Amino acid sequence: MTKPKKFLPKNARRVFKGVMFEVWQWKQKMFDGTTEIFEKIIRPDTIQVIPVVGNKILIEEQRQPGRSYFLSLVGGRRDKGESPLQSAKRELLEETGYVSKDWLLLKKELRSGRVTYPSYTYLAINCVKKANQNLDAGEKIKIKLISFNQFLMLSENKLFLNQDFINTLLKLRIYPKRKKEFYKLLFKD
């Protein structure tokens, strides 16, 4: 988990620690001189992977308990003691059975607001099938290979879970130079 003190005032105190979330509170002086209690939720870092298999991009059709069907990039939470890249490699292997020797950190962002966490997006180029899926008890994942243009059009698909990546997809669709550069990054050969 990210060190919370980076994102919190010095007087913040943890009031709850769950399996995934920590809730922190602090007293905040308001502009009129009164004091209010503020809160922030800290969660583990997230990892998402864009795997490239031949001339296709791998995405997931997924169901989890309590959620309706959705489309997503490969990904999940970073486990304690793992580097972001180790997490990306583990998630790719567990969820898809694929591996890659060609990794590139595409984007690292800090999601900051009431819920704060770093998010890492990796490209996994030249993926090959190595094993069967090894899914968590709460995952049903079907692998789907799609074309580059279908990948870009996920920006319009309401079932696409990775809302934070939609702006990237839209920019690729709008700016031909960026689209061409990203295509070359994915499909080197």
Checklist entry - Among the aspartates and glutamates, which fall within straight-line cross-link reach of K6, defined as a Cα-Cα distance under 20 Å, with same-chain neighbours fewer than 8 residues apart omitted? => result E22, E39, D45, D79, E82, E109
Item to check | Nearest-0.05 FRET efficiency for K80 and N55, computed from C-beta distance (R0 41 Å) | outcome: 0.65
Checklist entry - How far apart, in nm, are two points set 7 Å out from the Cα along the Cα-to-Cβ line at V15 and at R90? => result 3.1
Checklist entry - What trypsin sites (Lys or Arg not before Pro) does the range 54-154 have in DSSP loop regions with at most 13 other beta carbons within 10 Å? => result R67, K80, K101, R114, K130
Checklist entry - What are the lysines whose alpha-carbon lies under 21 Å from the alpha-carbon of K10, with same-chain residues fewer than 8 places away excluded? => result K27, K29, K40
Next on the checklist: Please compute the Kirkwood hydrodynamic radius of the chain from all pairs of different C-alpha atoms, in Å with one decimal.
Outcome noted: 18.3
Item to check | Cα centroid separation, the range 152-173 to the range 32-93 (Å) | outcome: 16
Next on the checklist: Between 0 and 90 degrees, rounded to the nearest ten: what's the tilt of helix 84-96 against the longest Cα principal axis of the chain?
Outcome noted: 50
Checklist entry - If you rank Y175, Y98 by fewest surrounding Cβ atoms within 10 Å, what's the result? => result Y175, Y98
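We did not get these values from a lab; they are worked out from the coordinates using the rules stated. What you see is a predicted model, and the numbers here were worked out from it, not measured in a lab. Cβ atoms come from the backbone with ideal geometry, glycine included; neighbour counts cover every protein chain shown.
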